[in-house]
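A short worksheet on the structure shown next.
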Amino acid sequence: MSLLDLLTDYTIQTVALGACLLGVISGLLGGFAVLRRQSLLGDALSHAALPGICLGFIIAGTRELGSILLGALSTGVLAALVMLLLTRRSRLKTDAGLGITLSVFFAVGIVLLTYIQGTGNAAQAGLDSFLFGQAASLLRSDVWVMGGVTVVAVVIVLAFWKEFKLVSFDPLFAASLGLPVVVLEVALTIMIALAVVVGLQMVGVVLMAAMIIAPATAARQWTRRLEGMVLLSIAFGVAGGLAGSLISATSRGLATGPLIILSVSAIVLVSLVLAPERGVLWAHLRHRRNQRQMRGAQVLETLYRLADHHDDPRYPAEQGMVDAYHGFATRQALTRLEGRGLVEPVRHEPETTPHWALTPAGLAEAERQAGAATREAV
């Protein structure tokens, strides 16, 4: 299939639009869940949506999307309130409250799904697709619904940006300012439930948690500011949604939802490795650089102590002796110090082994290091 065919295909356009909207609302709200250390919240709410899907089907008697999504939203909000009640009215920690809520609501959903499948209602065919998503069945009317929910979420977040930001970073300080912390937390949780509902048809109950958390997790590696994190999270969510939908469209028999999650997960992996300040690669390089600097400082101090002990600022220290003292080969450290003009190789007749001596600049640097160490000790 050519690129032009991809761009003009109605089904692919619909799925791509839905994936973009899902990326926007997931990236927007997932950042607050990550900052509030509620990474399991998306998992709990997505699993809690399953009984609502089943109840919506039972009440409507058919797979009418509006009833199913309304039911999913209802049980998702109920699960969020139960979780908040458990963590605020008992000694349970947040992770325990989320785990209990997830397990109970998902178990109820499985029981209801089994009951529906046993009724013989022909309309229930494909109802289990909400477990893993079925993006190909997305209609343009569904996209309009997703777009409306996304716009509402964006407007609410922009209207209460300062309040949500303060509650996410320091709820105690927010309470001291008189802000309704509980109301704001409930509002954020309900909107995350909205995001979960929006993504049910795209990626399903089981995988929706990753869509809430992954873009925000990736964005968190690149910036320290909430504004930048949210914008990057949205961009990563949209990029992952588009990549997954296009890969699915160009491949035969590959489900869109899992491919979207894999695409976003790839962004997370790249971010964890390559992000400038938090990335594993740069952290390793910083560690190597700090290790080299520390070894250089240690070798310089050793030469300084030897020179001071022999009362000779140009005392020629044998490299083998310095190696034996430190327990590692110091040739590289000495070469780097030579490059900085702090030491220089010298001859020490009649010995033929390498010897090194401090330069005037090296002596001054060693004295500065010794003075700094003395001040820190005091």
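Just checking the listed ones, Gly320, Gly279, Gly66: in the Gaussian network model of the chain with Cα springs under 10 Å, the one fluctuating most is Gly320. When you filter the GluC sites (Glu not before Pro) in the range 272-326 for DSSP loop state and at most 16 other Cβ atoms inside 10 Å of their Cβ, you are left with Glu277. Relative to the longest principal axis of the Cα atoms of the chain, the long axis of helix 65-89 lies at roughly 50 degrees.
In the calculated pair-distance distribution of the range 208-341, the portion above 22 angstrom amounts to 58 percent of the Cα-Cα pairs. Peptides 105-111, 229-235, ordered by how many other C-beta atoms sit within 10 Å of their residues on average, highest first, read 229-235, 105-111. Relative to the longest principal axis of the Cα atoms of the chain, the long axis of helix 280-309 lies at roughly 20 degrees. Note on the range 174-268: semi-axes of the ellipsoid equivalent to its C-alpha gyration tensor, largest first and rounded to whole Å, are 30, 17, 8. Across all Cα atoms of the range 282-377, the radius of gyration (one decimal) and Dmax (whole number) stand at 13.6, 46 Å. Each helix, a run of at least 4 DSSP H residues, gives -39500 (n - 2.57); summed and divided by the residues of the chain, these come to -26000 deg cm²/dmol at 222 nm. Across the chain, the relative contact order, built from alpha-carbon pairs under 8 Å that are at least six residues apart, equals 20 percent. Per-residue packing, averaged as other Cβ atoms within 10 Å, sorts the ranges 285-292, 322-329, 148-155 into the order 148-155, 322-329, 285-292, beginning with the highest. The chain has equivalent-ellipsoid semi-axes of 61, 25, 18 Å, by the square roots of 5 times the alpha carbon gyration tensor eigenvalues, sorted largest first.
The C-alpha atoms of the chain define a longest principal axis, and helix 94-119 lies at about 30 degrees to it. Positive end of the dipole of the chain, charges at C-beta (+1 Lys, Arg; -1 Asp, Glu), about the Cα centre: which of Ser265, Gly56, Gln291 has its Cα farthest in that direction? About the Cα centre, the residue reaching furthest to the positive side is Gly56.
Rounded to the nearest 20, the Cβ-based charge dipole of the chain about its Cα centre (Lys and Arg +1, Asp and Glu -1) stands at 620 debye.
Per-residue packing, averaged as other Cβ atoms within 10 Å, sorts the ranges 196-204, 309-317 into the order 196-204, 309-317, beginning with the highest.
Where a number appears in this text, it was derived from the coordinates with a stated rule and is not lab data. Note that the structure is a prediction, hence the values are computed from the model and not measured. Every residue, glycine as well, gets a Cβ built from its backbone with ideal geometry; the counts of neighbours run over all protein chains shown.
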